[in-house]
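These notes concern the structure reproduced below.
The values are calculated or read from the model by the stated rules, or taken from the named source; none is laboratory data. Everything numeric in this text was worked out from a predicted model, so none of it was measured. Cβ placement follows ideal geometry from the backbone for every residue including glycine, while neighbour counts extend to all protein chains displayed. Surface accessibility is based on the protein's heavy atoms, side chains included, excluding ligands, DNA and RNA. Shrake-Rupley method; radii C 1.70, N 1.55, O 1.52, S 1.80 Å.
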Amino acid sequence: MDIATNPTTPDGNPELADAAPTPHEPPVIRREDYRPFAWLVPSTRLDFRLALDATRVTATLTVERNPAADASPELRLNGDSLTAQSVMVDGAPAEWRMEGPDLVVTLPGDRHVVEVVTTIDPSANTQLMGLYASNGMLCTQCESEGFRRITFFPDRPDVLSTYAVRMEGERDAFPILLCNGNRVAEGEGENGTHWAEWHDPWPKPSYLFALVAGDLVANSKPFTTATGRVVECNVWVRKEDLARTDHALESLHRSMAWDEEVFGREYDLDLYNIVAVSDFNMGAMENKGLNVFNTKYVLADPDTATDADFDAVEGVIAHEYFHNWSGNRVTCRDWFQLALKEGFTVLRDQLFSQDMRGEAVKRIEDVRILRAAQFPEDAGPLAHPIRPDSYREISNFYTATVYNKGAEVIRMMRSMVGEARFRAGCDLYFDRHDGEAATCEDFVKAIEDGAEIDLTRFRRWYAQAGTPRVTMRQAVEGDTLRLTLGQSVPVTPGQPDKLPMPIPLKIAVHSRSGALGAERLVVLEDEEQTFDLSIAGPDPVVSVNRGFTAPVVIERDLQREDLVFLAAHDDDPFARSEALQELAVGHLVGAASGALSADDRQAGEAAIIGAFRSSLADNALDDAMRGELLVLPSETYLFEAMAGSGAAGERKADPGAIHAAREGLKAAIGTALARELAALHARACAVALDHPEGRGARKVKTIALGLVAAADPAKAAQLAAAQYDAADNMTDRQGALMVLCGLDTPHRETRLAVFYERYRDNALVIDKWFTLQALSLHPDVIAHVRKLAEHPDFTLKNPNRVRSLHMAFAGNPKAFHKADGEGYRMVADVILALDPINPQTAARFVPALGRWRRIEPGRAALMKAELERILAAGNLSRDTFEQVSRSLEG
Ligand code: PHE
Ligand code: ZN
């Protein structure tokens, strides 16, 4: 809600209405308002007296006037729900005042020592920001603005300080005491306490501070760096989890070696600690020398984690490790620059995983994520550029746009200059900005200078939101193909006018005769441009955006036969899977809009079935790639395709029709290929767990089951129950249970019960048990979820559990979009109940409802009404208020 549309203030004076935000309207922070902080904080000393319900913190800051900032006698220290017990300046009681949550001290000179004492209650901290308790241990989360919940401090990323920390607590409760950097001293205290002192030599912003105290054990293995330094690497967990930490530790070692080899980056401390905690808002956190991880991204063994879980652990371990350079050594000037560290680090972890597991499949997975999570964001009310211009609550900007599109934007630069020049640009960036808080502009400039490329126009990718649409026309002239490419960037909230952006596209012109054309890179700079390409043979077929060089939507009308050709023959595996997706999207959107004649429908189905049949029969494919070719586009992506560019008057997405069309196609495939799918399933079941082909086999096994289930539920129930019973690993077990969960069969209940009994003491696996039921295709999902929310194992206090049930439900297109709005109501109720407990997590549910404008009018009205109900409840957190109000405005 805009202030201007508010009712006037109580005294009826309309002028006062825009004087200041009401308490419900947190202020807007703008990028253009950035000013350096008036004071430097060269060193910080923290003293913690640890206890679960009352921890005393003494913070001692050495402060100096910042010559680069406007002089101010006032030192503003941010706080959040803190009360100061004492404030001293240079050893004497000082004059100070509170301004809202912040503490302000007036300082007469150029250099002072400021000491502040606060006491906090970690056990009451349900937001999981600042210092909090998890399973009896104490840990911290400070990014973005959590440090100010521990002590008063200039809590902004451009204030770098070296930290010396002392902590003391009961030895029994907290036998292990960890912090950033190196441990420099430890000893016994009085009354069963002990203490440790830590020192981090690298200056860092407060968001990278971390402390952990608890009863933990480590899996350790030293890593020797390229220059021969030995780094002690530890993965700290609760004793019962120790056996599941090898994969994380090995992944860390692989990441360290890869960053040396590929980016020339070496680790810079003698110690690298990772701690797993079960209560965590996000995936993990890159605190200097002391990463704190969600257990979900540390613990893995074949009995409790799927192959996908193993990959996720490897990817997140790598991501946090890579932050040591892209994030910690070079950090962000302000939070608008978040993509500087996140986009770059996601690209780095993607490239790492490509090298570990194979480029094609990883690229297909990453593009699938981008389309399922980022494209909808870019097309909705919450759309923002990868470098936003304003926010009310920065936690709301840890988005797929900043992370995943941020990575794509940097990947485009890399594609345009090639690996070697990109590396030169990165080297220059690290050289220039090591030890600094930098901006996205600094990064682009370093690539520009180091890789020798003009990125003037390319910078628009940082400023403009919205997924560009690229149109394509072709004409043959002799042995030349004239390709005319056009681009437009859709209107997004606050950005009515867009400029064209350089779009690098890898293209090849094949011939239907079978001759494959050479690949070349073109860069579409203008609104429209024509490129002349040579033809490899008769009936040219253009393969475009190969490897997904640009995060755009290609709009073209390719003949079905051409897509079938590309799906079977393209030499770029990504383009091959893409052709199949395009074929399926065209067919399914047509079917869902009721635009297909019976003949068209049949022909479309036949083409897709034919393509699936070829993928099943193609012996040159391995199962990992075959699996990718057998996955239909997600319903979320189909919504996007159906709702088009979002222009007024365009078609709206109809979730019910999309679901029906997609299930219908699955059934047709399952029926037509019943024999082949059964054979595939049987073949895959015969591959042993640790066979080199085992992973691929497990992947296609469950995909085959899913297709059989759509066609012949009784047969699928039997196969799935047998797969479940024979399983010697979580991938097979979860896959079988997923299929069973969607079916009306007694096997569903029995296997769910067996699974629960087997894993009742393993929280991460019980999360899966909740998720499988919340995500299922079963007609009674809503009733199941209501009942599960009452289950003794369910709690709103643990984010993993909340996500496992409610986030999964919000991502279940069929159940969430139930036509009577019951799914929307449930999600709105979750937001309202969760907001006072954990606002960050509550706000993450809003985008699901925020998509209402692109959905057909009946459901749209119901979704909007739920958003209005949330807003009317009042007293919302900054997080939820911002997301809901933007969703109603946009
Ligand atoms: N910076 C973390 C990462 O990307 C994510 C994170 C953000 C974690 C905010 C906690 C809080 O690795
Ligand atoms: Zn990150």
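Tell me, yes or no, whether the stretch 63-80 has at least one residue that is among the acidic types (Asp, Glu) and in a strand (DSSP E or B). Yes. The residue that is nearest to the chain's Cα centre (by Cα), counting only those in the stretch 316-332 that are over 16 Å from GLY406 (Cβ atoms) and either within 9 Å of ligand 1 (Cβ to nearest atom) or surrounded by fewer than 24 Cβ atoms within 10 Å (Cβ to Cβ) (or both), is VAL316.
Taking ALA19 as the residue in question, decide whether it is farther than 25 Å from CYS179 by Cα, open to solvent by 30 Å² or more (accessible area, probe 1.4 Å), at pLDDT below 95 and not basic (Lys, Arg). For ALA19, the condition - farther than 25 Å from CYS179 by Cα, open to solvent by 30 Å² or more (accessible area, probe 1.4 Å), at pLDDT below 95 and not basic (Lys, Arg) - is met. For the stretch 145-157, a residue qualifies if it is open to solvent by 10 Å² or more (accessible area, probe 1.4 Å) and either among the β-branched types (Val, Ile, Thr) or within 24 Å of the chain's Cα centre (by Cα) (or both), and the qualifying residues are GLU145, ARG156.
Rundown of residues vs (1) away from ligand 2 (no atom under 13 Å from the Cβ); (2) within 25 Å of ALA697 (Cα to Cα); (3) of a type in the set (Gly, Ala, Ser); (4) assigned to a strand (DSSP E or B), yes/no style:
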site	(1), (2), (3), (4)
ALA308	yes, yes, yes, no
VAL313	yes, yes, no, no
ILE317	no, no, no, no
LEU340	no, no, no, no
GLY343	no, no, yes, no
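Could you list, in sequence order, all residues of the stretch 732-752 that are outside any helix (DSSP H, G or I) and of a type in the set (Gly, Ala, Ser)?
So the first thing to find is which residues in the stretch 732-752 are outside any helix (DSSP H, G or I), and the list is 742-745.
GLY742, the sole residue that qualifies.
ASP279 passes every criterion in (1) of a type outside the set (A, V, I, L, M, F, W, C); (2) surrounded by fewer than 22 Cβ atoms within 10 Å (Cβ to Cβ); (3) away from ligand 2 (no atom under 11 Å from the Cβ) apart from (2).
Here the helices (runs of 4 or more DSSP H) wholly within the stretch 809-890 that include at least 1 residues being under 23 Å from ARG662 (Cβ atoms) are 813-816, 822-834, 846-850, 857-873.
Condition check ((1) open to solvent by 10 Å² or more (accessible area, probe 1.4 Å); (2) touching a Pro at 6+ places or on another chain (Cβ under 8 Å); (3) within 16 Å of ligand 1 (Cβ to nearest atom)) across all residues:
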position	(1), (2), (3)
GLN374	no, yes, yes
LEU382	yes, yes, no
TYR391	yes, no, yes
ARG414	yes, no, no
TYR429	no, no, no
VAL444	no, no, no
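Between SER206, SER255, SER251, the distinction of being among the small types (Gly, Ala, Ser), touching a Pro at 6+ places or on another chain (Cβ under 8 Å) and open to solvent by less than 20 Å² (accessible area, probe 1.4 Å) belongs to SER206 only. Can we say ALA736 is under 28 Å from LEU621 (Cα atoms) and either acidic (Asp, Glu) or touching a Lys or Arg at 6+ places or on another chain (Cβ under 8 Å) (or both)? Yes, satisfied. Residues in the stretch 179-220 that are assigned to a strand (DSSP E or B) and within 27 Å of TRP335 (Cα to Cα): CYS179, HIS199, ASP200, PRO201, TRP202, PRO203, LYS204, LEU211, VAL212. Pairs meeting the criteria (first residue in the stretch 402-422 and hydroxyl-bearing (Ser, Thr, Tyr), second residue more than 16 Å from ligand 2 (Cβ to nearest atom), beta carbons under 6 Å, at least 6 apart or on different chains) are SER415/PRO504; SER415/THR549.
For PRO27, are the conditions met, namely being open to solvent by 70 Å² or more (accessible area, probe 1.4 Å), modelled with pLDDT of 95 or more and not in a strand (DSSP E or B)? Considered against the rule, which asks whether it is open to solvent by 70 Å² or more (accessible area, probe 1.4 Å), modelled with pLDDT of 95 or more and not in a strand (DSSP E or B), PRO27 comes out as yes. For the stretch 845-890, the set of residues classified as over 15 Å from ARG825 (Cα atoms) and open to solvent by 30 Å² or more (accessible area, probe 1.4 Å) consists of ARG853, GLU856, PRO857, ASN875, LEU876, ARG878, ARG886, LEU888, GLU889, GLY890, listed by residue number. Every condition in (1) crowded, with 19+ Cβ neighbours inside 10 Å; (2) among the polar types (S, T, N, Q); (3) within 21 Å of ASN545 (Cα to Cα) holds for THR492 except the one numbered (3). Among residues of the stretch 124-139 that are buried (at least 24 other Cβ atoms within 10 Å of the Cβ), those with a beta-carbon under 8 Å from a residue that is in a loop (DSSP other than H, G, I, E, B) and hydrophobic (A, V, I, L, M, F, W, C) at least six positions away or on a different chain give the pairs LEU128/PHE280; MET129/CYS142; LEU131/ILE150; LEU138/LEU50; LEU138/LEU52; LEU138/PHE174; CYS139/ALA210.
Cβ-Cβ distances below 7 Å connect the following pairs, each with a first residue in the stretch 333-346 that is within 13 Å of ligand 1 (Cβ to nearest atom), a second residue that is open to solvent by 10 Å² or more (accessible area, probe 1.4 Å) and aromatic (Phe, Trp, Tyr), and a separation of six or more residues or different chains: GLU342/TYR403; GLY343/TYR403; VAL346/TYR403.
For the criterion of being at pLDDT 95 or above, open to solvent by 50 Å² or more (accessible area, probe 1.4 Å) and farther than 30 Å from ASP835 by Cα, ARG786 fails. Only one entry in PHE881, PHE845 is without any contact (Cβ under 8 Å) to a residue 40 or more places away in the chain and either farther than 11 Å from PRO381 by Cα or of a type in the set (S, T, N, Q) (or both), namely PHE845. Residue count for the stretch 679-718 under the criterion of being of a type outside the set (Val, Ile, Thr) and either open to solvent by less than 50 Å² (accessible area, probe 1.4 Å) or touching a residue at least 60 places away in the same chain (Cβ under 8 Å) (or both): the result is 21. Of all residues in the stretch 253-296, those satisfying the criterion of being without any contact (Cβ under 8 Å) to a residue 40 or more places away in the chain and either more than 15 Å from ligand 1 (Cβ to nearest atom) or part of a helix (DSSP H, G or I) (or both) are HIS253, ALA257, GLU260, GLU261.
Collect the residues in the stretch 393-407 that are open to solvent by 10 Å² or more (accessible area, probe 1.4 Å) and either small (Gly, Ala, Ser) or closer than 10 Å to GLN374 by Cβ (or both), keeping them in residue-number order. SER395, THR399, ALA400, TYR403, ASN404 - these are the residues of the stretch 393-407 that are open to solvent by 10 Å² or more (accessible area, probe 1.4 Å) and either small (Gly, Ala, Ser) or closer than 10 Å to GLN374 by Cβ (or both).
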